[in-house]
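Engineer: Sharing a structure below in C-alpha cells format, with a few things to ask.
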Amino acid sequence: MILNELTAETGPHPFIYGSETELAINLLDTRYSETASLFDYNNVFYGVLAQAFADNIPPNDIDFISNGGRLYLDGEHLEVSTPECYGLYQLVTYELAMEQIAVRGLGRLMEEGWLRGFQINKRSSDHEGNRWGAHENCSNNRVVDYNNLTYQKRLNDARLTHQLTRVIYTGEGGLMPNADNDRLHYAMSPRIAGTDGSMSVQTMIYPTVCTDYKLSSATGGRLQNCAGANVSPWAIAVKHGMNAVLSMLADQQIESIPVLNNPDMAKYFIAGSSIKGLKTRLEDIDGKTWRPTDIQHHIASVALNDLDLANDEIWACHEVISACDTLDADPHACADRIDWIKRLEYLSSKHLPRIAFTPNKNLQVQNADFAWDTLAISDESEGIEQLPGAGVKTRALGWGWHNIEQASQIEIQEATYTPPNTRAAERVKLLRQGCEEVDYNGNDDYPLPNPYGGNLKNS
C-alpha cells in the first residue's frame with residue numbers, strides 16, 4: 001500500500017493528528033559576526049516572522065498563522081505547530097509546510113539585513129547538552145475513563161515500552177556526550193537516551209479533541225508523546241500512525257503489550273547506542289526476553305490481527321513489520337527511510353576515522369552532524385557544512401518517501417497558507433473576519449464544532 005491523501009477515510013477520521021516541533025537554529029549575526037541563539041534577539045525575530053507570514057491574519061494571543069498552525073517562540077527556541085490534520089499524508093504535508101514557513105521566515109531576516117546566515121535543524125540535541133524535541137498529538141473519539149488510575153498506569157507502561165523500542169525506526173540520530181561529558185558518541189536517539197527521568201518518554205493524557213493544548217473537555221481524549229523530531233516523511237507518518245494503533249491496543253487489548261522490567265536498560269542500550277542497539281535483549285515483567293524489533297513486530301502484528309483499523313493505521317503497521325524485518329537482515333538497507341541510519345551513513349561518508357572523540361577537538365564532525373538536517377530540508381547544499389551556514393529556501397524532496405506518494409513543492413507551498421479541511425479552516429476564517437479572543441475552539445460567540453459531532457464548547 002502506498003500512503004497518499006486517499007488512504008485517509010473521508011469524513012471524520014477515527015484519529016486527528018498534530019505535531020509540534022522545536023527547531024534548533026544556528027545564526028550568524030551581522031553586528032557581531034558570531035553564532036547566537038534565537039532567544040538573544042527575541043523581539044526582532046518574533047516580529048519579523050509573524051509579519052512575514054500573517055497573510056491577513058491579525059495578531060492573536062495564540063500565534064495562529066494563515067494555514068491554521070502556529071509559529072512562536074517557546075522560551076529559547078523557535079517552535080512550529082501543525083493545524084489539526086485528518087490522516088497521515090495530510091500531517092506529513094503540513095509538518096513539511098511548517099518547516100518551510102520557519103525557513104523562509106529566517107530567510108526574510110537575511111533579506112532585511114539582520115542575519116548573514118543560518119542553519120535550521122530538526123534534531124533533538126547539540127554537542128553541549130542542549131535539547132530540543134517534538135510533541136506528537138493524537139486525538140480520538142473513544143469513550144475512555146482517563147481518570148482511572150489503574151488504567152493510566154497500565155497505559156503509560158505500555159506506551160513506555162513502545163516509546164523506548166520504536167527508536168529503531170523513529171530515532172533522529174546524532175552525537176551526544178557520555179556520562180562524564182568528556183567524549184561524544186553517535187546515538188540512535190540522543191533525545192530519548194540523554195534526558196533524565198521519565199520526561200524522555202513522557203505520555204500526557206488530556207481530555208480534549210484539540211491537537212494543540214489543554215482546553216475544553218469533550219468526549220474522547222488527546223495523547224501526547226514527547227520525543228525527538230524526524231526529517232524523514234516516512235518516519236513522521238509511521239510514528240504518528242503507531243501512536244494511534246497503540247492507543248487502540250491499550251483500550252482494547254492492553255495485556256497484549258509487554259511491560260519492560262528495566263526501562264532504563266532500553267533507554268541507554270538502545271536509544272543511546274547505534275547498530276548494536278538492535279541486538280539488545282530486554283526482559284519483560286513476565287521474564288520473557290525481546291529484541292526491540294521483536295516488540296515492534298509484535299505490536300504491529302497483534303493490531304493487524306485483532307483490531308479494526310483504518311487504512312492509514314493499517315499502512316503504518318505493515319511498514320513497521322517490514323522495517324523490523326529489514327533491520328534484522330541489513331540495517332543499512334533502511335537508510336532510505338530511517339533518520340538515524342541515514343545520518344550515520346552521511347557522517348561516515350565524511351571519511352572520519354571514528355565517531356567518538358573529545359568535544360571541541362573535531363569540529364569537522366560536529367559541523368557535519370549539525371549540518372545534516374539543513375542538507376535534508378534544503379536544495380541548496382553548497383557551503384552549508386561550514387558555519388555560519390547559509391540561508392535555505394526549500395526542502396529537498398528526494399529522500400524519506402518510502403511507500404509514500406511524494407508531496408510536490410506545490411502541495412507543500414499551498415499548505416503554508418491554506419488550512420486543511422479540519423476545524424483549522426473555520427478558525428482561520430474567524431480570524432480573518434476580525435473576531436476577537438479566538439482560541440483553539442473558536443470563541444464564545446462562534447464556538448467551533450466538535451470534529452466528532454456536537455459542539456466542543458458545549459460538550
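The values are calculated or read from the model by the stated rules, or taken from the named source; none is laboratory data. As the structure is a computational prediction, the values presented were derived from the model and not from experiment. Note that we place each Cβ from the backbone using ideal geometry, even for glycine, and neighbour counts take in every protein chain shown.
Engineer: Would you be able to tell me the number of residues in the stretch 308-324 that are surrounded by fewer than 18 Cβ atoms within 10 Å (Cβ to Cβ) and more than 19 Å from Ile2 (Cβ to Cβ)?
Structural biologist: 1
Engineer: Could you identify the single residue in Lys267, Lys276 that is in contact (Cβ under 8 Å) with a residue 60 or more places away in the chain, among the basic types (Lys, Arg) and in a helix (DSSP H, G or I)?
Structural biologist: Only one candidate passes the filter, namely Lys267.
Engineer: Could you tell me which of the residues Ala376, Ala356, Ala310 is modelled with pLDDT under 95 and touching a Pro at 6+ places or on another chain (Cβ under 8 Å)?
Structural biologist: Going through Ala376, Ala356, Ala310 in turn, just one is modelled with pLDDT under 95 and touching a Pro at 6+ places or on another chain (Cβ under 8 Å): Ala310.
Engineer: Moving to a separate point now. Report whether or not Gly434 is in a loop (DSSP other than H, G, I, E, B), surrounded by fewer than 19 Cβ atoms within 10 Å (Cβ to Cβ), free of Cβ contacts under 8 Å to residues at least 24 places away in the same chain and of a type outside the set (Phe, Trp, Tyr).
Structural biologist: So Gly434 does not fit the description; no.
Engineer: Only one of Leu78, Leu73 is surrounded by 21 or more Cβ atoms within 10 Å (Cβ to Cβ), more than 22 Å from Cys138 (Cβ to Cβ) and modelled with pLDDT of 75 or more; which?
Structural biologist: Leu78
Engineer: Scan the stretch 400-416 and give yes if some residue there is at pLDDT below 85, of a type outside the set (Lys, Arg) and either surrounded by 19 or more Cβ atoms within 10 Å (Cβ to Cβ) or not in a helix (DSSP H, G or I) (or both), otherwise no.
Structural biologist: Checking the stretch 400-416: not a single residue is at pLDDT below 85, of a type outside the set (Lys, Arg) and either surrounded by 19 or more Cβ atoms within 10 Å (Cβ to Cβ) or not in a helix (DSSP H, G or I) (or both).
Engineer: Take the conditions under 22 Å from Trp132 (Cβ atoms), modelled with pLDDT of 70 or more, of a type in the set (Val, Ile, Thr) and not in a helix (DSSP H, G or I) and apply them to Val238. Does it pass?
Structural biologist: For Val238, the condition - under 22 Å from Trp132 (Cβ atoms), modelled with pLDDT of 70 or more, of a type in the set (Val, Ile, Thr) and not in a helix (DSSP H, G or I) - is not met.
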